[in-house]
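What follows draws every value from the coordinates through simple rules; no lab data is involved. Computed from a prediction, not measured in an experiment: that's the story for all the values here. Cβ atoms come from the backbone with ideal geometry, glycine included; neighbour counts cover every protein chain shown.
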Amino acid sequence: MKRTILIALITVWGGLSIMAQETPPADLENIQDSMIVYPESMMEKLSDLLRNWQLDLSNAEVDCKRGQNITFHDSVYLKRLHNLPSEMELSFNSVVKSYIEMYAVRKREQVSYMLALGDYYYPMFEQALDSHGLPLELKYLPVIESALNPVAVSRAGATGLWQFMLRTGKGYGLEVNSLVDERRDPYKSTDAAVRYLKDLYAIYGDWNLVIAAYNCGPGNVNKAIARSGGKRDYWEIYYFLPRETRGYVPAFIAANYIMSHYADHNICPAHSSSLTTIALDTVQVNERIHLEQIAGVLDIPVSELRRLNPQFRKDVIPGDFRAYALVLPSEKMYAFIDKNDTIVNYEKGRYFTHRANTDGFLDGSVSSVSGNTANVYYRVKKGDNLSAIARRNGTTVTLIKSWNGLRSNRIDIGKQLIVGQKEVAPEADQQQLVQVSSNNPDGETQTINRYYRVRKGDTLGEIARKNGVQVAQLQSWNGLRSSSIGIGDQLIIGKKAVAASQEDPESGKKEYTRAETSRGSNIISSYLQDQLEKVEQNRTPDGQEEETEKSVETTEEKGETATVE
């Protein structure tokens, strides 16, 4: 008998336990904060957000006097939410109340700065939502998604204001690569998010389910609907949703409340000097530019450029790949257009070190002796084509396309192309073009050699002609058995005997040999000084000797714009 009663009790207890697990409690008042997984944006430290927002707090002002939070009766919250001019259902319950209290108490400072950020972002959100006929209340979705942080990245990899996953973002046309992440672009990500929300509403027809699906995906919402027996009310499928999503709609409702009734809780917008409302404009960039180059030429803080253009992950606009929109203060836009060439070439070698083509190192046409080459540039004009540009600059269409990473023969007017490359002699080599090569044992005469370093395109005959000597002399002086010379070779191109400096016993002066002068002695013969001065006078304005590469001369003779990096 006792055994039968015991088995019956166990059966009843087990059945009650299963029912308790499968049947959600009807009264939401029993939910405690410990049962809710808060959105990641609510767990961010304010110091981290301030750094990502790039706010200058030195001159922060408030529109009202800060005070302590005021707690209201539940009926007040219920009435205020019900009276909001909203198309969406903004209902009140204990879960919503817990989020309102979080914003009004523990996240007061964060709300204060988000109110200021809203002056910049909300008009953008509203315009996109209105253009697609969606409720304007959805503008507060990024408050819980990212805390209005355009560079926010979740633990799962969701990125940007609207927290797009990589696959979803690309599915809605957002470009993501090593240099650009358009999930962080406020304008493009907003447009993609609005289209995504519109598609979700076409599936569910209920905005609470849409918001839940935006957070955890349609698959999880469909599973929750199925497990609930086909119910399609958010609050009825609440306990069947992932724990991370259960608090998502309540958090959204609370965000709508706090952004509309912040003053009732003594929260004041923090107006920072870095968030001063300024007129902005957009310019299309079709050349590779670093934000530091723009900042250096236009005298604008790079932090402001980053804040206005968070999509450029490495501060690089890869405009040579395709045109990208750059957001600038309106007052700087015209300066950017006027100084475009200056910006593109501003310390270019410092910011862009990737070599476009290294075939020359494989076929031997480029010497690694000096390790220093420079590009010759040409800006495309109306009527130009690659064949004509290649012909005028003594190169081929294939090389120009390779140097500039072009996939087709199409070029845009104003595009700056690499049309050639030249070897640049190091400063040390330039200073040693004239050297003392030998001394007469008698101490009466010295032989002075004049040197020249071979560049790309040079021939022995051309070098001999320019220096008024015979090819045979060059071969004899340099021990050459043929006319073959290599880029970077240093050739003797002239010799001259001069009176040698001798030691004066009375004055104690001393003759200095080549070895001593090459060690850095500042005592040098007057003849050598004269020769060095002549070399300096013969240099072209860009610091090179008169022997310049044909491709550069040809370009300049035709009156085209050519610059050397």
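Just a few scattered comments:
- Subset of LYS97/LYS198; LYS107/LYS139; LYS348/LYS415; LYS139/LYS198; LYS170/LYS332; LYS339/LYS415 violating a 21 Å alpha-carbon distance limit: LYS97/LYS198; LYS170/LYS332
- Remark: GLU145, GLU89, GLU331 ranked as GLU331, GLU89, GLU145, counting other beta-carbon atoms within 10 Å and listing the fewest first.
- Spin-label zone in the stretch 209-232 - amide nitrogen under 13 Å from a point set 7 Å from the Cα of ASP199 along the C-beta vector: 214, 217-219
- Evaluated with a Cβ-only charge set (Lys, Arg +1; Asp, Glu -1), the stretch 278-343 carries a dipole of roughly 320 debye about its Cα centre, given to the nearest 20.
- Theoretical FRET efficiency, 1/(1+(r/R0)^6), r = Cβ-Cβ of ARG227 and HIS73, R0 25 Å, to 0.05: 0.10
- The stretch 278-343 shape via C-alpha gyration tensor axes, a/c threshold 1.5: rounded
- Amide H within-cut-off set for GLY488, under 5 Å, with H built and near neighbours excluded: VAL454, ARG455
- When the Cα gyration tensor is reduced to axis lengths a ≥ b ≥ c, the ratio a/c is 1.5 or higher for the stretch 101-143, and with a/b not above b/c it is classed as oblate.
- Theoretical gain in end-to-end length, GLU109 to TYR451 [0.36 nm per residue, Cα-Cα removed]: 116.0 nm
- Each residue, LYS314 and ASP130, gets one label point 7 Å from its Cα in the Cβ direction; the gap between the two is 4.0 nm.
- ARG465/THR342 FRET efficiency (R0 30 Å; Cβ-Cβ; nearest 0.05): 0.15
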